[in-house]
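Only one structure is covered here, and it is reproduced in the block below.
The values are calculated or read from the model by the stated rules, or taken from the named source; none is laboratory data. Remember, it's a predicted structure, so these values are computed and weren't measured experimentally. FYI the Cβ positions are ideal-geometry reconstructions off the backbone, even for glycines, and counts take in every protein chain you see. Note: areas computed on protein heavy atoms with side chains; ligands, DNA, RNA excluded. Shrake-Rupley method; radii C 1.70, N 1.55, O 1.52, S 1.80 Å.
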Amino acid sequence: MTDAPWALLAELTHACPLHCPYCSNPLELVRRDAELDTAEWARVFAEAAGMGIVQAHISGGEPLLRRDIVQIVEAAHDAGVYTQLVTSGLGLTSRRLDDLVRAGLNSVQLSVQDARAESSDLIAGRTSFRAKERAAGVIAAAGLPFGLNVVLHRHNLDRLQEILDLGARWGADRIELANAQFYGWALRNRTALLPAREQLDRAKEIVAAHDGSGPEIVWVLPDYYEGVPKPCMGGWGARSITVGPDGTALPCPAAYAMPDLAPPNVRDHSLAWIWAESPAFNAYRGTGWMTGPCRECPRRETDFGGCRCQAFALTGDAARTDPACGLSPDHHLVRDAAEAAGSVAGSGFAYRRPPPVR
Amino acid sequence: MPADRTDGDWRPALARSIVLRHDTVRGADLLLMPERAVRLSETGGRVLRLCDGSRTVGDIVAELGEAFPGAPLDDDVPEFLDRVRAEGWLR
């Protein structure tokens with residue numbers, strides 16, 4: 001029998017006030033009039049809790065753009081699920097946060113794009129840093145567990161120490177240093193975003209020298225540079241379910257991009273069936289699907305062959321070894337790009353500009 | 001953190017970020033926190049359920065002593081609580 005899942009990533013909407021060049025939402029965004037309604041989300045959380053899910057990331061896009069965000073958080077809380085709001089901070093007033101806390105919200109993860117207003121706004125594609133600073137004050141004043149998430153790339157890695165100082169000053173308990181992952185929109189901006197190896201080496205020194213005081217630091221592996229793939233999602237269909245704005249259920253938020261996956265929808269199927277029975281969740285579960293060097297690899301239960309979405313994005317075949325792995329026959333696809341990043345000047349960003357709503 | 005916090009005055013309580021929940025699917029008590037869930041042993045869950053900020057460590061040991069007569073609680077419980085506090089899950 002399939003082990004129970006632990007976590008649900010609930011992407012309430014793809015609408016977002018920011019235009020980040022590494023946006024993790026799919027290339028084709030779900031329209032607002034196709035979004036699940038309040039009652040549908042309540043059912044999803046009740047089903048999720050019933051099958052063993054204990055954590056929910058209430059995310060987007062920007063989840064605060066949902067007018068029923070408080071009712072949705074309340075439904076998750078009532079189901080017994082620990083909730084984390086994942087937000088840009090835009091629209092997070094103290095009144096809004098108070099309502100969410102009363103509804104049972106347990107923690108907040110705030111994004112910031114850089115340590116300085118000007119460069120943070122440049123990456124976000126709009127004026128937003130001061131609003132984020134205010135949101136940080138609101139979260140800290142509420143005493144909620146506060147995580148700060150920063151996507152790292154060539155345009156902000158050199159300010160890593162400033163970013164850590166900012167997190168401490170803003171009162172974060174935890175700083176997630178998320179080296180950019182290159183699928184979907186970020187892959188379009190790969191040349192502009194890939195750092196030089198020396199930038200990463202200096203950043204790693206700063207992280208290693210951190211004395212353990214202040215916020216906890218989480219370093220997300222820059223897999224283009226390590227020669228080892230990341231254990232994506234803890235394995236396909238192993239721990240987590242993503243439910244998109246229109247109810248599409250995926251083993252990984254980047255899996256929208258796989259055209260043959262035929263992902264199930266919570267409007268058509270129970271979450272329990274989706275998890276245990278659906279072809280999409282079983283496609284790369286375990287190790288039986290593995291090809292090439294993964295099949296005999298002693299690390300196959302450690303990194304699960306890396307990221308299926310990255311294998312698909314770079315080779316067109318999701319069952320191939322993640323090209324981030326040094327043993328992959330396709331490894332040159334990431335190695336060449338990473339090496340070139342040291343010599344090319346960063347090009348301009350292709351900003352994420354969703355079409356106007358409705 | 002000083003190791004001598006397990007003195008008579010400490011009334012352990014879960015940190016604000018932590019939720020203690022019984023998971024009926026896995027048949028285990030869990031500590032839930034941002035980005036993490038920690039599965040507790042049956043006795044671990046039993047001890048932490050008594051950490052509500054009203055009981056001293058001595059009270060907790062005494063209460064458990066009624067359920068587990070003869071167990072080495074005087075040593076084991078304070079040591080366990082110190083470990084959990086060092087993780088930042090108790091205050």
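Structural remarks
- By the Cβ rule of 4.7 Å, chain A holds the following cysteines without a possible disulfide partner: A:C16, A:C20, A:C23, A:C252, A:C294, A:C297, A:C309, A:C325.
- Per-residue shielding of B:30-38, expressed as the average number of other chain Cβ atoms within 10 Å of the residue Cβ, stands at 6.
- Look at where the Cα atoms of region B:49-91 and of region A:267-294 average out, and the two centres are 43 Å apart.
- Whole-percent pair-distance distribution, where bins are 5 Å wide, for the alpha carbons of chain B: 3, 14, 26, 24, 19, 10, 3, 0
- Net charge, A:F304 excluded, C-beta distance under 12 Å - Lys, Arg +1, Asp, Glu -1: +3
- Volume of the convex hull of the protein assembly as shown (Cα atoms only), normalised per residue: 157 Å³.
- Isotropically averaged projected area of region A:7-232, using the convex hull of Cα atoms (one quarter of hull area), nm²: 12.4
- Highest average first, the peptides A:200-213, A:94-107, A:238-251 ordered by how many other beta carbon atoms sit within 10 Å of their residues are A:238-251, A:94-107, A:200-213.
- Shielding by partners - mean other protein chain Cβ count within 10 Å, residues of A:75-81: 1
- Region A:145-223-region A:57-123 distance, computed between alpha-carbon centres (Å): 21
- Interface B-A: total buried accessible area of about 1400 Å², 1.4 Å probe, protein heavy atoms only.
- Positive minus negative residues near A:I175 (Lys, Arg vs Asp, Glu; Cβ under 11 Å): -3
- Around the amide H of A:E216, modelled in the peptide plane, lie the amide H atoms of A:R174, A:I175, all under 5 Å away and 5 or more residues distant in sequence or on another chain.
- Here the protein assembly as shown has 50 percent of its accessible surface on carbon and sulfur atoms, given a 1.4 Å probe and all protein chains in place.
- With the cut-off at under 11 Å, measuring from each backbone N in region A:74-94 to a point 7 Å along the Cα-to-Cβ line of A:R126 picks out A:90-91.
- Under-5 Å amide H pairs with A:N265, H placed in peptide plane, nonlocal only: A:A249
- Spin-label zone in region A:80-95 - amide nitrogen under 19 Å from a point set 7 Å from the Cα of A:R239 along the C-beta vector: A:81-86
- Computed over protein heavy atoms with a 1.4 Å probe, the accessible surface of chain B works out to 56 Å² per residue.
- Computed with a 1.4 Å probe over protein heavy atoms only, the accessible surface of chain A comes to 41 Å² per residue.
- Inter-label distance for B:S54 and A:R267, nm, one decimal - labels placed 7 Å from Cα along Cα-to-Cβ: 4.9
- Listed residues A:V334, B:V57, A:Y22: farthest to the positive end of the dipole of the protein assembly as shown (Cβ charges): A:Y22
- Around A:V151: net Lys/Arg minus Asp/Glu count, Cβ-Cβ under 11 Å: -2
- Drop in accessible area of at least 50 Å² in the complex versus isolated chain, residues of region A:17-62, 1.4 Å probe: A:V54, A:Q55
- Think of each Lys and Arg Cβ as +1 and each Asp and Glu Cβ as -1; about the Cα centre, that makes the dipole of region A:50-144 roughly 180 debye.
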